[in-house]
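Below you'll find the structure I mean.
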Amino acid sequence: MQEALASPLKKPTMTSKSRAPAVSDRASSSAAQAAKRILARLYAPIAGDLARVEERYRAELSSDDPYIATLLEYIEDYSGKKLRPALLLLAGRACGKVTEDHIILGAVAEMLHTATLVHDDILDEALLRRKRASINALAGNEVSVLLGDHIFSHAFEVSLRCSTTEGARQFSRAMAVTCLGEVMQVNNRNNFDLDEAKYLKIIDGKTAELYATSARLGAHYAGAASEVCEAFYSYGMQLGRAFQIMDDLLDLLGEEALVGKTLGSDVEKGKPTLPLIHFLSRSDKKQRALALTAVKAGAKGRDELLKLLHSTESFKYAAQKARGYIEDAKRGLAVLGKNELRPLFEEIADFVLSREL
């Protein structure tokens with residue numbers, strides 16, 4: 001498919017950011033296969049349902065126009081671990097049964113997530129996504145903005161096919177919150193006085209909200225009580241927080257071949273991530289100046305920045321915070337009692353912490 005895009009679309013400039021090191025190809029494949037095996041086991045109770053969601057997701061990302069169809073087919077593979085639709089389906093299964101509404105909303109959750117990735121790569125000027133050139137690297141920003149807008153709009157139209165409008169209402173609210181989280185992040189670019197509380201407000205919006213809403217809707221459409229629906233919302237929120245903090249760690253400590261996207265872009269683009277926020281809040285003027293100089297130097301200052309962050313155990317602090325949110329997520333599942341799927345939700349929470357560093 002990438003070859004098919006080469007003629008009508010702009011060929012990406014391959015830089016050190018967009019070219020994953022070949023030496024790690026074997027490690028990348030091994031890590032990916034291990035993750036797939038784990039997820040296959042965790043998703044076993046909803047395997048058939050998830051396949052239906054995947055089928056609907058791909059059907060909705062289609063067009064009669066050859067050029068647009070090529071674009072949509074290319075970004076179908078932006079769909080990765082499918083955690084959001086999986087949470088929606090598993091919550092439905094835990095609270096009763098999976099219905100056609102769940103299938104529709106599972107596809108919507110993944111469509112919304114895909115659209116946010118398209119726009120994220122534009123904001124970050126990222127050249128890699130899922131170990132391939134990002135759509136903005138191939139098609140340019142103008143096409144990518146419009147493509148993301150199309151997917152958002154179509155996702156909301158699809159959500160209205162449910163038996164009630166609750167799914168459309170909640171997902172509309174979730175995406176409004178997500179967009180405002182992104183606005184806050186852009187507004188705080190290069191604000192290295194950002195504190196942890198404001199950081200959490202940003203990631204709650206831009207990352208955690210879609211996890212939380214997906215989980216709550218899964219319970220809602222299975223007829224769960226309000227208390228149970230809100231417990232799933234809280235579970236998804238804690239999961240999303242931990243996921244974003246792990247992303248912060250990966251941005252500084254990961255390898256592109258393993259992670260499959262442009263690394264270092266958060267810090268280079270002036271986004272204060274949790275390890276850096278922790279370091280700056282505990283450093284003296286000299287250390288702070290050294291860190292900010294390293295940040296401004298971009299890739300050339302990476303080693304110096306890592307050294308400084310290690311000196312204050314800022315990476316350890318961030319990892320501990322992620323673990324704390326995962327434990328909070330697990331405790332919130334007490335409302336499920338002895339539900340047979342409760343251990344599975346706990347394992348999914350642990351999986352969020354197992355991403356390659």
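Residue by residue, here is whether (1) out of contact with any strand residue (DSSP E or B) (no Cβ under 7 Å at 6 or more places or on another chain); (2) within 20 Å of ASP149 (Cβ to Cβ) holds:
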| position | (1), (2) |
| --- | --- |
| LEU39 | yes, no |
| ARG52 | yes, no |
| ARG56 | yes, no |
| SER63 | yes, yes |
| TYR67 | yes, yes |
| LYS82 | yes, no |
| LEU112 | yes, yes |
| LEU127 | no, no |
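So is ARG241 outside any helix (DSSP H, G or I) and touching a residue at least 24 places away in the same chain (Cβ under 8 Å) or not?
no
Among the residues of the stretch 268-323 satisfying the criterion of being in a helix (DSSP H, G or I) and acidic (Asp, Glu), which is modelled with the lowest pLDDT?
Only one residue fits best here, namely GLU268.
To continue, here is another question. Looking only at the stretch 324-357, which residues are part of a helix (DSSP H, G or I) and within 17 Å of the chain's Cα centre (by Cα)?
Matches in the stretch 324-357: TYR325, ILE326, ILE348, ALA349, ASP350, PHE351, VAL352.
Here's something else I'd like to know. Pairs needed: first member in the stretch 59-73, without any contact (Cβ under 8 Å) to a residue 24 or more places away in the chain; second member anywhere, outside any helix (DSSP H, G or I); C-beta distance under 8 Å; at least 6 residues apart or different chains.
From the stretch 59-73, the pairs are ALA69/SER62; ALA69/SER63.
Count, please, the residues in the stretch 183-223 that happen to be in contact with a Pro (Cβ under 7 Å, 6 or more places away or on another chain) and of a type in the set (A, V, I, L, M).
1
Of all the helices (runs of 4 or more DSSP H) wholly in the stretch 99-203, which have at least 2 residues that are in contact with a Gly (Cβ under 8 Å, 6 or more places away or on another chain)?
So the answer is 100-124, 166-187, 196-203.
Something else about it: From the list LEU194, LEU252, pick out the single residue that is touching a helix residue (DSSP H, G or I) at 6+ places or on another chain (Cβ under 8 Å), modelled with pLDDT under 95 and among the aliphatic types (A, V, I, L, M).
Just one listed residue meets the conditions, LEU252.
On to the next question. Quickly run through the stretch 285-336 and pick out the residues that are under 19 Å from ASP247 (Cα atoms), surrounded by 16 or more Cβ atoms within 10 Å (Cβ to Cβ) and small (Gly, Ala, Ser).
Within the stretch 285-336, SER314, ALA318, ALA319, ALA322, ALA329 meet the criteria.
Out of LEU127, LEU160, LEU112, report the one residue that is in contact (Cβ under 8 Å) with a residue 60 or more places away in the chain, aliphatic (A, V, I, L, M), more than 22 Å from GLY236 (Cα to Cα) and in contact with a helix residue (DSSP H, G or I) (Cβ under 6 Å, 6 or more places away or on another chain).
Step by step, each of LEU127, LEU160, LEU112 is checked, and only LEU127 is in contact (Cβ under 8 Å) with a residue 60 or more places away in the chain, aliphatic (A, V, I, L, M), more than 22 Å from GLY236 (Cα to Cα) and in contact with a helix residue (DSSP H, G or I) (Cβ under 6 Å, 6 or more places away or on another chain).
The values are calculated or read from the model by the stated rules, or taken from the named source; none is laboratory data. Note that the structure is a prediction, hence the values are computed from the model and not measured. Positions of Cβ are backbone-derived with ideal geometry, glycine not excepted, and every protein chain shown enters the neighbour counts.
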